[in-house]
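What follows is a set of notes on a single structure, which appears directly below.
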Amino acid sequence: MQKVQKVQSNFLIEEKNKGDMTKFSIIVPVYNRPDEVAELLDSLTKQTDKGFEVLIIEDGSSVPCEDICKQYEKQLDLHYYFKPNSGRSETRNYGIERANGDWFIIYDSDVIVPPQYIATVRAELEAHPEVDCYGGPDAADASFSDVQKAINYSMTSIMTTGGIRGGMKNKDKFSPRSFNMGISRKCFEAVGGYKNMIGEDIDLSIRIQQAGFKTTLIPEAYVYHKRRVDLKKFFWQVNTFGKGRVLLGEMHPGSMKLVHLLPAAFVMGNIALVLLAFWSPWFLLPIGLYVLGLFVESLIKNRSVKIALLSIVAAYMQLFGYGTGFLGECITHKARKKKQEELYK
């Protein structure tokens, strides 16, 4: 077993001891992503509100980020831990067990945090003390590649996700995702930690709501989510999400909504229309109109013909990936026999 290592900063934050100000603990699980960690930590040094600590939890990486963390230990209240590989759910739990804050903020390592993030969250939680868990959306930074911007469009467009990832009007029904999520200590301790399963963040959100705690979406608490995957990897990532949705529906009866069935219906509908087109080309018209809608919306948002064209590919990758994963698990029941990290790989 590998020995746990820790690097703790001597950096003192003047603001954090003033009054009864809420202390945030930022928890980041990491596996072989030192470059991403550097970008994340650099963005955290630019926060206008300094009332937080950062815990980087290295999950048995062969390419550790300890040296990166040492570069920031004088600028942040930073704690680095190395532990044997056990998957991201147990790694998040490991970090939370060692955190000192009143609130835990969970990020993926591939996010960049805008300077106003902590200040925005603090103001929102002070205005709404009844909230015990929040989630925030993701956005595309100008530095992203065209593929990353296309994937970001696909993951956030109402034409692909129905607004469930940050565009919802009813914020109280939002299920926070762990790339950008906050949970109070009392709430986390009451419902228990993450489970080692696919869809672990949705499972946690459901258990939080079932326990009577209040969740919400904070639209202004966005992060730039880089998602360093190509379109092929993106397909298999969302394919796993589709499998996980089936398992979540069985674990939490009543949690399955119409929007979760739409990708599967999209797959079957597109296949049916293509087959019917051999009888009459007019059956391709709905597909053509949908593709045109994707192109126009992405063009308006991204102001790039290339990104708009890539957005069409990304949207179909997402919907077919999720839909075939969902349908495949309904038929084969294979995912339930595998561990979380086996599926995510």
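The values are calculated or read from the model by the stated rules, or taken from the named source; none is laboratory data. Since the structure is predicted, the reported quantities are computational estimates derived from the model, not experimental observations. Every residue, glycine among them, receives a Cβ derived from its backbone with ideal geometry; neighbour counts consider all protein chains shown.
Please go through segment 87-144 and pick out each residue that is among the hydroxyl-bearing types (Ser, Thr, Tyr) and in contact with a Ser or Thr (Cβ under 6 Å, 6 or more places away or on another chain).
Across segment 87-144, the qualifying residue is only 134.
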- Message: For segment 231-277, which positions are among the aromatic types (Phe, Trp, Tyr) and within 25 Å of residue 208 (Cβ to Cβ)?
- Response: 241
- Query: Which of the residues that make up segment 92-144 are within 17 Å of residue 57 (Cβ to Cβ) and among the charged types (D, E, K, R)?
  - Reply: 92, 97, 98, 108, 110
- Query: Hey, any hits in segment 127-135 for a residue that's of a type in the set (A, V, I, L, M), closer than 25 Å to residue 189 by Cα and surrounded by fewer than 22 Cβ atoms within 10 Å (Cβ to Cβ)?
  - Reply: yes
- Task: Test residue 135 against the stated conditions and say whether it is within 28 Å of residue 250 (Cβ to Cβ), touching a Pro at 6+ places or on another chain (Cβ under 9 Å) and at pLDDT 90 or above.
- Result: yes
- In segment 122-142, anything touching a residue at least 40 places away in the same chain (Cβ under 8 Å), in a loop (DSSP other than H, G, I, E, B) and out of contact with any helix residue (DSSP H, G or I) (no Cβ under 7 Å at 6 or more places or on another chain) is listed as 128, 130, 136, 141
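Give me the strands (runs of 3 or more DSSP E) completely within segment 1-87, filtered to those with at least 1 residues that are on the phi < 0 side of the Ramachandran plot and modelled with pLDDT of 95 or more, ordered by residue number.
Of the strands (runs of 3 or more DSSP E) lying wholly inside segment 1-87, those with at least 1 residues that are on the phi < 0 side of the Ramachandran plot and modelled with pLDDT of 95 or more span 24-30, 52-59, 78-83.
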- Query: Would you call residue 119 without any contact (Cβ under 8 Å) to a residue 24 or more places away in the chain, out of contact with any helix residue (DSSP H, G or I) (no Cβ under 8 Å at 6 or more places or on another chain) and either assigned by TED's automatic domain parsing to the domain that holds residue 34 or surrounded by 19 or more Cβ atoms within 10 Å (Cβ to Cβ) (or both)?
  - Reply: no
- Task: List every residue pair whose Cβ atoms sit under 9 Å apart, with the two residues 6 or more apart in sequence or on different chains, where the first one lies in segment 298-309 and is under 9 Å from residue 146 (Cβ atoms) and the second, anywhere, is buried (at least 17 other Cβ atoms within 10 Å of the Cβ) and among the β-branched types (Val, Ile, Thr).
- Result: 307/147
- Message: Looking at 87, 60, 95 in this structure, which one is closer than 19 Å to residue 186 by Cα and either surrounded by 20 or more Cβ atoms within 10 Å (Cβ to Cβ) or not aromatic (Phe, Trp, Tyr) (or both)?
- Response: 95
- Query: crowded, with 21+ Cβ neighbours inside 10 Å, more than 17 Å from residue 50 (Cβ to Cβ) and of a type outside the set (A, V, I, L, M): does that describe residue 72?
  - Reply: no
- Item | The one condition in (1) crowded, with 23+ Cβ neighbours inside 10 Å; (2) within 21 Å of the chain's Cα centre (by Cα) that residue 316 fails to fulfil | (1)
- Message: Quick test for you: out of 288, 254, pick the one residue that is surrounded by fewer than 16 Cβ atoms within 10 Å (Cβ to Cβ), of a type in the set (Gly, Ala, Ser) and part of a loop (DSSP other than H, G, I, E, B).
- Response: 254
